[in-house]
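The values are calculated or read from the model by the stated rules, or taken from the named source; none is laboratory data. Because the structure is a prediction, the values reported are computed rather than measured. Quick reminder, even Gly has a Cβ in these numbers, built from the backbone with ideal geometry, and neighbours come from all protein chains shown. Surface areas here come from the heavy atoms of the whole protein model, side chains and all, with no ligands, DNA or RNA. Shrake-Rupley method; radii C 1.70, N 1.55, O 1.52, S 1.80 Å.
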Number of protein chains: 2
Amino acid sequence: MNISEASRICGLPAKTIRYYEEIGLIMPGRLANGYRDYGDTDLHKLGFLQRSRGLGFSVEDCRMLLSLYEDRNRASGDVKKLAQDHLTEIDRKIAELKGLRRTLSQLVDQCQGDDRPHCPIIDDLARQ
Amino acid sequence: MNISEASRICGLPAKTIRYYEEIGLIMPGRLANGYRDYGDTDLHKLGFLQRSRGLGFSVEDCRMLLSLYEDRNRASGDVKKLAQDHLTEIDRKIAELKGLRRTLSQLVDQCQGDDRPHCPIIDDLARQ
DNA sequence: GTTGACCTTCCTGTTGCGGGAACCTTTATG
DNA sequence: CATAAAGGTTCCCGCAACAGGAAGGTCAAC
């Protein structure tokens, strides 16, 4: 199966699939003409990558997850740790964004938003 | 005032300050020896940038905010719109992260996290 | 005069691809 | 059968917002 069909099936752009190959994540076979040739195993891996990335894991995390996926003797604890660390990072980001949101929405509420120059948002940013 | 002192005062790394100059955000004077020389106006702008970035505005947004800051005839509505758009974007990111968080935490909860290979997280990612 | 702490510019690397050029193959069509 | 369109390939640049580090100039102190 060529790359555009693999792309259609796994939902990843061809560019992304080539990139994953470049960094050694999935190495498909090649046909005599040099075209990439994706088999069932490749397609499963691509789908796995698509969903892992969809959960926000970094590509390097995905590399780790993929090797755990292929390791029949893996410890589920290793997977769980990866996921928990990611969860912690997500929580950190959410907290950070909520902090920004609080401050920003207060400022927005205070601003008249009309044609006049007076602006509490600018005043806050410019506070001496 | 040289760059390291400016950095200490505004709280931005010297690297960042130089970068802001490179992209035309703040253009300090130069001494005879070629060293950058920051005056009060420059320092105010740097502080303004530091706080704007701290609220998560993109550097290009900061450029716009800075020009509104310097525009005595600005309409506060322009500032408010920028801030509201940013707020919308923040909300979008929060929602996205919360979605990930939901799915991920469910999976984590289902996983035993022991030495055995069975793992609902992997199973979900590998779902055929 | 020499050391050490500054400063300068310039180049590379980061993350995860997207866009596009230049070129080759295969397939479809007149 | 010639050709054009639609694939494939590699390779290189660009994005955001800097950080790290090399190579070299400058300045103050001892």
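Going through the stretch B:14-31 one residue at a time, which ones are within 12 Å of DNA strand C (Cβ to nearest atom) and surrounded by fewer than 11 Cβ atoms within 10 Å (Cβ to Cβ)?
Hits for the stretch B:14-31 are B:Lys15, B:Glu22, B:Gly29, B:Arg30, B:Leu31.
Condition check: among the aromatic types (Phe, Trp, Tyr) and touching a Pro at 6+ places or on another chain (Cβ under 7 Å). Does A:Tyr69 satisfy that?
no
Tell me yes or no: at least one residue of the stretch A:83-94 is acidic (Asp, Glu), under 27 Å from A:Leu12 (Cα atoms), open to solvent by 40 Å² or more (accessible area, probe 1.4 Å) and over 18 Å from the mean Cα position of the chain (by Cα).
Checking the stretch A:83-94: not a single residue is acidic (Asp, Glu), under 27 Å from A:Leu12 (Cα atoms), open to solvent by 40 Å² or more (accessible area, probe 1.4 Å) and over 18 Å from the mean Cα position of the chain (by Cα).
Does A:Arg101 satisfy the criteria of being buried (at least 17 other Cβ atoms within 10 Å of the Cβ) and touching a Pro at 6+ places or on another chain (Cβ under 8 Å)?
Spelling it out, it is not the case that A:Arg101 is buried (at least 17 other Cβ atoms within 10 Å of the Cβ) and touching a Pro at 6+ places or on another chain (Cβ under 8 Å).
Name the single residue that is nearest to the other protein chains (Cβ to nearest Cβ) among those in the stretch A:91-128 being basic (Lys, Arg) and farther than 30 Å from A:Leu55 by Cβ.
For the stretch A:91-128, the residue satisfying everything is A:Arg116.
Name the residue, out of B:Leu107, B:Leu97, B:Leu125, B:Leu66, that is under 21 Å from A:Arg127 (Cβ atoms) and at pLDDT 95 or above.
Residue meeting the stated conditions: B:Leu66.
Within the stretch B:35-47, does at least one residue satisfy the condition of being more than 25 Å from the chain's Cα centre (by Cα) and hydroxyl-bearing (Ser, Thr, Tyr)?
yes
Just for the stretch A:59-77: of the residues that are facing another protein chain (nearest Cβ under 7 Å) and exposed (fewer than 15 other Cβ atoms within 10 Å of the Cβ), which one is farthest from DNA strand D (Cβ to nearest atom)?
Per the stated criteria, the residue is A:Asn73.
On the basis of being more than 10 Å from chain B (Cβ to nearest Cβ), hydroxyl-bearing (Ser, Thr, Tyr) and out of contact with any Lys or Arg (no Cβ under 6 Å at 6 or more places or on another chain), does A:Thr88 make the cut?
yes
Looking at (1) surrounded by 15 or more Cβ atoms within 10 Å (Cβ to Cβ); (2) over 30 Å from A:Ser52 (Cα atoms); (3) facing another protein chain (nearest Cβ under 7 Å), find the lone condition where B:Gln50 falls short.
Among (1) surrounded by 15 or more Cβ atoms within 10 Å (Cβ to Cβ); (2) over 30 Å from A:Ser52 (Cα atoms); (3) facing another protein chain (nearest Cβ under 7 Å), the lone unmet condition for B:Gln50 is (3).
Taking A:Lys80 as meeting all but one of (1) facing another protein chain (nearest Cβ under 7 Å); (2) open to solvent by 50 Å² or more (accessible area, probe 1.4 Å), write down the number of the exception.
Status for A:Lys80: all satisfied but (2).
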